[in-house]
Amino acid sequence: MSMQAETFKALVKVAAEQVIASAPELTSLDQAIGDGDHGFNMKRGFEAVLGKLDAISAQPLDEAFKTIGKTLVMTVGGASGPLYGSFFLAAGEALSHDRHLPEDLADVFGSGVNAVSARGRSQTGEKTMLDVLVPVLETLKAAAGQPDLIERVRTTAAEAVERTAPMQATKGRASFLGARSVGHVDPGARSSCVLVQAICASLERKQ
Amino acid sequence: MSETVGIVIVSHSKDIAKGTADMVRQMVGNEVKVAFCGGNPDGGLGTSVASIIDAINDAWSAKGVAILVDLGGAETNSEMAVEMLEPARRDHVVVCNAPIVEGAVMAATESAGGSTLAQVKAVAEELSAE
């Protein structure tokens, strides 16, 4: 296996394991403002990804992203399946069209973010995963090529997820609560943060 | 029977999906193809893209298929399922913005009269316009 394939396999493994480990926290956040299934759903989806890890890491990178996306779409069982699935499908599609990692990271990540926004018909400020993904994208653009990129992305994600607490949800199940959604961190923003931070941690260990 | 628009019912709960399909059947008998699904891939409350794709194909008609959903995830998963259909079918399936029980009954009744997919969708969505 090539170095890049080894790195990619380790990244996917760590990210999936971190999401699975955070399932109880995601469920408890979702019980506060949603239907309480986000942790279970994400766990089921990423367990399915782990189950295909060898096959995924044997694929070219663009196909690997698409397989992860399709696996999440088919196994998660909630809206987060198509949302996260579309992120990885679109990132894979970008990689199929002359984009390369790591140099086009912001571009590829941006394709994923646009797909989430389109799928959820959502923008920032609506207390969703976009409230983490969009700030992370902005940092990826602003700090591209800088030595402290990873650290800045970690900080961005951690701060962004906390900023969802005072927001009032206008999308998803939490919007039914109206003003009562204020004061709780959004579970989708939290799971996005978990994924971003797991990838950062894995890349830092490698350096 | 002549072709009528097929109806697919997608709920987080299999019981609600089945109950809604029963009510539709009572109205339109076998004049309209009706398929339903509910539950996540493990069978708990939720929806499954694979089950929705199967239901669309079960209810398939040359006049198209109208999908009725309950809550957010059912809608998002249904839209995803439509995009994953074979290209020839994709443009003939719509997700209706309508309450699931009333919408399904209204849509199926309209379909039974031989209406087009656009007419079936419009009648179901009148329920949300008020």
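Yes/no matrix, rows are residues, columns are (1) within 22 Å of B:Glu83 (Cα to Cα); (2) touching an Asp or Glu at 6+ places or on another chain (Cβ under 7 Å); (3) within 14 Å of chain B (Cβ to nearest Cβ):
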{"position": "A:Gly112", "(1), (2), (3)": "yes, no, no"}
{"position": "A:Lys127", "(1), (2), (3)": "no, yes, yes"}
{"position": "A:Val132", "(1), (2), (3)": "no, no, no"}
{"position": "A:Glu138", "(1), (2), (3)": "no, no, no"}
{"position": "A:Ala142", "(1), (2), (3)": "no, no, no"}
{"position": "A:Asp148", "(1), (2), (3)": "no, no, no"}
{"position": "A:Thr156", "(1), (2), (3)": "no, no, no"}
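For the range B:12-45, which positions are within 22 Å of B:Ala112 (Cβ to Cβ) and not aliphatic (A, V, I, L, M)?
Those that are within 22 Å of B:Ala112 (Cβ to Cβ) and not aliphatic (A, V, I, L, M): B:Lys18, B:Gly19, B:Thr20, B:Asp22, B:Arg25, B:Gln26, B:Gly29, B:Asn30, B:Glu31, B:Lys33, B:Phe36, B:Cys37.
Please work out which residue is nearest to B:Ala74 (Cα to Cα), limiting yourself to the range A:133-148 and to residues that are of a type outside the set (Asp, Glu) and touching a Ser or Thr at 6+ places or on another chain (Cβ under 8 Å).
Ranking the qualifying residues of the range A:133-148, first place goes to A:Leu133.
Would you be able to tell me the number of residues in the range A:147-173 that are farther than 14 Å from A:Leu130 by Cβ and either in a helix (DSSP H, G or I) or not acidic (Asp, Glu) (or both)? Steps first, please.
Quick first cut of the range A:147-173, residues farther than 14 Å from A:Leu130 by Cβ only: A:147-155, A:158-159, A:162, A:165-166, A:168, A:173.
With either in a helix (DSSP H, G or I) or not acidic (Asp, Glu) (or both) added as a condition, the list becomes A:147, A:149-155, A:158-159, A:162, A:165-166, A:168, A:173.
So the answer is 15.
Filter the range A:174-191 down to residues that are in a helix (DSSP H, G or I) and over 16 Å from A:Ala79 (Cα atoms) and give me whichever is nearest to the chain's Cα centre (by Cα).
Taking the range A:174-191 first, the residues in a helix (DSSP H, G or I) are A:174-181, A:187-191.
If we keep only those that are over 16 Å from A:Ala79 (Cα atoms) as well, we get A:177-181.
Details: A:Leu177: 25, A:Gly178: 25, A:Ala179: 26, A:Arg180: 26, A:Ser181: 22 Å.
My answer is A:Ser181.
Matching residues to (1) over 25 Å from A:Gly188 (Cβ atoms); (2) outside any helix (DSSP H, G or I); (3) touching a strand residue (DSSP E or B) at 6+ places or on another chain (Cβ under 8 Å); (4) among the β-branched types (Val, Ile, Thr):
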{"site": "B:Val32", "(1), (2), (3), (4)": "yes, yes, yes, yes"}
{"site": "B:Gly46", "(1), (2), (3), (4)": "no, yes, no, no"}
{"site": "B:Trp60", "(1), (2), (3), (4)": "yes, yes, yes, no"}
{"site": "B:Glu75", "(1), (2), (3), (4)": "no, no, yes, no"}
{"site": "B:Glu79", "(1), (2), (3), (4)": "no, no, yes, no"}
{"site": "B:Gly103", "(1), (2), (3), (4)": "yes, no, yes, no"}
{"site": "B:Ala108", "(1), (2), (3), (4)": "yes, no, yes, no"}
{"site": "B:Gly114", "(1), (2), (3), (4)": "yes, yes, no, no"}
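Criterion first (within 21 Å of B:Leu127 (Cβ to Cβ), assigned to a helix (DSSP H, G or I), touching a residue at least 40 places away in the same chain (Cβ under 8 Å) and out of contact with any strand residue (DSSP E or B) (no Cβ under 7 Å at 6 or more places or on another chain)) does B:Met23 satisfy it?
Criteria met by B:Met23.
How many residues does the range A:86-103 hold that are farther than 16 Å from A:Phe8 by Cβ and without any contact (Cβ under 8 Å) to a residue 24 or more places away in the chain?
The qualifying residues number 2.
Just checking, does the range B:23-37 include any residue being within 14 Å of chain A (Cβ to nearest Cβ) and modelled with pLDDT of 95 or more?
yes
Tell me yes or no: at least one residue of the range A:52-66 is surrounded by fewer than 24 Cβ atoms within 10 Å (Cβ to Cβ), closer than 30 Å to B:Gly38 by Cβ and not hydrophobic (A, V, I, L, M, F, W, C).
The answer is yes, given that some residue of the range A:52-66 is surrounded by fewer than 24 Cβ atoms within 10 Å (Cβ to Cβ), closer than 30 Å to B:Gly38 by Cβ and not hydrophobic (A, V, I, L, M, F, W, C).
Check B:Asn77 against each of (1) within 14 Å of chain A (Cβ to nearest Cβ); (2) in contact with a Pro (Cβ under 7 Å, 6 or more places away or on another chain); (3) without any contact (Cβ under 8 Å) to a residue 40 or more places away in the chain and name the one condition it does not meet.
(3) is the only condition that B:Asn77 fails.
Report, by residue number, each residue of the range A:26-49 that is surrounded by fewer than 19 Cβ atoms within 10 Å (Cβ to Cβ) and either part of a helix (DSSP H, G or I) or away from every other protein chain (no Cβ under 12 Å) (or both). Step through it out loud before you land on a result.
Our first condition is that a residue be surrounded by fewer than 19 Cβ atoms within 10 Å (Cβ to Cβ); within the range A:26-49, this holds for A:28, A:31-32, A:36, A:47-48.
Result: A:Ser28, A:Gln31, A:Ala32, A:Glu47, A:Ala48.
So, in the range A:72-83, exactly how many residues are in a helix (DSSP H, G or I), more than 7 Å from chain B (Cβ to nearest Cβ) and within 11 Å of B:Val49 (Cβ to Cβ)?
1
The values are calculated or read from the model by the stated rules, or taken from the named source; none is laboratory data. As the structure is a prediction and not an experimental result, all values here were calculated from the model. Note that each Cβ is placed from the backbone with ideal geometry, even for glycine, and that neighbours are counted across all protein chains shown.
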